[in-house]
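Report on the following structure.
The values are calculated or read from the model by the stated rules, or taken from the named source; none is laboratory data. Since the structure is predicted, the reported quantities are computational estimates derived from the model, not experimental observations. Because the Cβ atoms are built from the backbone with ideal geometry, glycine has one as well, and the counts that use them run over all protein chains shown.
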């Protein structure tokens, strides 16, 4: 283990045979040289100790200082449990939903120069490319005939989906690339923020660059997984084509959607596993499945709630920019709801692009932060990663700091 983003090496501790409630911790941390703590040979004579000072009326008794009361890890026999160490944006213990969100927001607030340098740069490039694609390459989807027969409706629906997919593919690809680069760099930033250590954009790029190709493969694989599964569910009904085929397509699509959601949550921790443990695409997916096992519903709930909050935040930003973009383009709301879709000009696209940059600059780091901190939380619960992080952060009482010449490591 070291203090780089590779602190989460898979061999540091094993989660086999352990449940999600946490793993056994050492009863007491060793001394700096790794040996067990020893009683001093020079003990005070009997009867020469002082009882605790009598408490002042109306005032709580003062606990003794030392380990177990903020001076280090708690030892057996002490009166209480100390608060968890917090060298960075999260306390080093199992996290709640609010603490995960707070850690993501704290990273954005405390490391805003690095975070915004990453997200704004990626968002500006992606929005410029998307504006050009929307202006020159996106075809107009065909109109659906409301009086068509079921067979004709299925054929029109298939053509509509094909054209829509082709027109959306460039934007989806742009979003994937933007998410890929920002997720890679932000994972490095957040992993350092957990240890309370700043990182520059150059250092984050240096750490993330060797993993970008594998992260691209993982991102494309996960992005293609859901539509392929849903298409397989829809295909039998689409091939039949009559009323029974429509019902079968609906049922197959719903079943495919459920399977796709289950797999996406199961593999949701693959990206931080790939970046921080330096694993390949398939091993990182297996690693994610292992960490998610037994906690699927919890991770699903946190992920869904996070996405809902980000959606609300995005709407708060996008709605005013949409109104301003329509005004700049001279398009009224009546034109938006008319049968003929309006053709938007440069004014609309530019204003909407500015709104997209602001939205991405805020939502990207929060989304990435929640994913990385969920990964850290699962490893703390299963593998006592908090002890390794405390040592990596150089906290006293947890053993020698990795990389410290005096530790001999």
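Overview of values
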| quantity | calculated |
| --- | --- |
| Verdict on residue 65 being in a loop (DSSP other than H, G, I, E, B), surrounded by 13 or more Cβ atoms within 10 Å (Cβ to Cβ) and at pLDDT below 65 | no |
| Boolean, residue 217 is surrounded by fewer than 16 Cβ atoms within 10 Å (Cβ to Cβ) and farther than 28 Å from residue 88 by Cβ | yes |
| Matching residues, the range 107-120, being part of a helix (DSSP H, G or I) and more than 14 Å from the chain's Cα centre (by Cα) | 109, 110, 112, 113, 114, 115, 116, 117, 118, 119, 120 |
